[in-house]
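*Asks:* Structure provided below as structure tokens; questions to follow.
The values are calculated or read from the model by the stated rules, or taken from the named source; none is laboratory data. Computed from a predicted structure; not experimentally measured. A quick note on method: Cβ atoms are made from the backbone with ideal geometry, for glycine too, and the neighbour counts reach across all protein chains shown. Keep in mind that these areas ignore ligands, DNA and RNA; they rest on the heavy atoms of the full protein, side chains included. Shrake-Rupley method; radii C 1.70, N 1.55, O 1.52, S 1.80 Å.
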Amino acid sequence: MKPINPIQLKQLIEASLFVLAKPLSIKAIKETVLADFSVSRTRIQETLDELQQDYQERGVQLVKIASGYRFQTQEILSPYLQPLWQDKSPKYSRATLETLAVIAYRQPVTRGDIEYIRGVAISSHIIKSLSDRQWIKVVGHKEVPGKPALYATTPAFLDYFNLTKLADLPVLTDAASLQGLFDKVQVALDESNDDDSSDDHQDDDQQVNDEQNDSENSIDTTNELDDVDDEAVDVVEKGQNLTH
């Protein structure tokens, strides 16, 4: 095994994080770019800490998330950087984010559990969209008649919301609780569509149509969350009551 000096070590770790453009764990760094060098995990961690300090006041920062370390722009710069991308960020309806919040806080849960907590039927389109986004997955089946699937969040969910573990989710105590979870999200609700929620009791096919119609009142995942309505808060508070 070859030795490596501190400068070379920092350069190699920094370069690998930029080149790969996705999170890298200490284990992955040690077993790939540093495989031929004699370097401990402690030394790698210390170098990552130094890099984090180096980038603290820069437009690009080194952050730790569930899957490892990655470079990303400061959140405060996001509105100014949007013109660089022609494609619009994906948008999610309030119903989709409410469903995601229930899964995040009460996991593992079945579809029936989610419907009980929210008080409305859930469109298959919502579950599919969250699964396709790789934010949720089936982790087992509940030992009851029918053995319904149990859903839980994934590491990709933690990575997207800059969380390292589920314990980092904000405590649900008041109307600001969901803001910590969806801190990049702005609720853009049109008052003229307040009555749309009455359609939630219809069958799945109608639910898909409702979900598509709700896109006009969707949530842009590039902005700050300005408001969380009482209904969304009640969804999670009911989830707390269900498990206590």
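*Asks:* Contact list please: Cβ distance under 9 Å, first residue in the range 127-148 and among the hydroxyl-bearing types (Ser, Thr, Tyr), second residue at pLDDT below 90 and assigned to a strand (DSSP E or B), pairs at least six apart or on different chains.
*Replies:* Final answer for the pair search is 129/92.
*Asks:* Test each condition in (1) at pLDDT 80 or above; (2) closer than 30 Å to residue 74 by Cβ; (3) among the hydrophobic types (A, V, I, L, M, F, W, C); (4) open to solvent by less than 70 Å² (accessible area, probe 1.4 Å) for residue 188 and report the one that comes out false.
*Replies:* (1)
*Asks:* Given the structure, is residue 52 open to solvent by 30 Å² or more (accessible area, probe 1.4 Å) and part of a loop (DSSP other than H, G, I, E, B)?
*Replies:* Working: open to solvent by 30 Å² or more (accessible area, probe 1.4 Å): yes; part of a loop (DSSP other than H, G, I, E, B): no.
So residue 52 does not fit the description; no.
*Asks:* Those residues that are within 17 Å of residue 97 (Cα to Cα) and outside any loop (DSSP other than H, G, I, E, B), I need them from the range 134-154; list them, please.
*Replies:* First pass over the range 134-154, keeping only residues within 17 Å of residue 97 (Cα to Cα): 134-137, 151-154.
Residues satisfying the conditions are 136, 137, 151, 152, 153.
Every residue, every condition in (1) modelled with pLDDT of 95 or more; (2) under 26 Å from the mean Cα position of the chain (by Cα); (3) surrounded by 11 or more Cβ atoms within 10 Å (Cβ to Cβ); (4) not in a helix (DSSP H, G or I), yes or no:
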residue	(1), (2), (3), (4)
35	no, no, no, yes
39	no, no, yes, yes
47	yes, no, yes, no
56	no, yes, no, yes
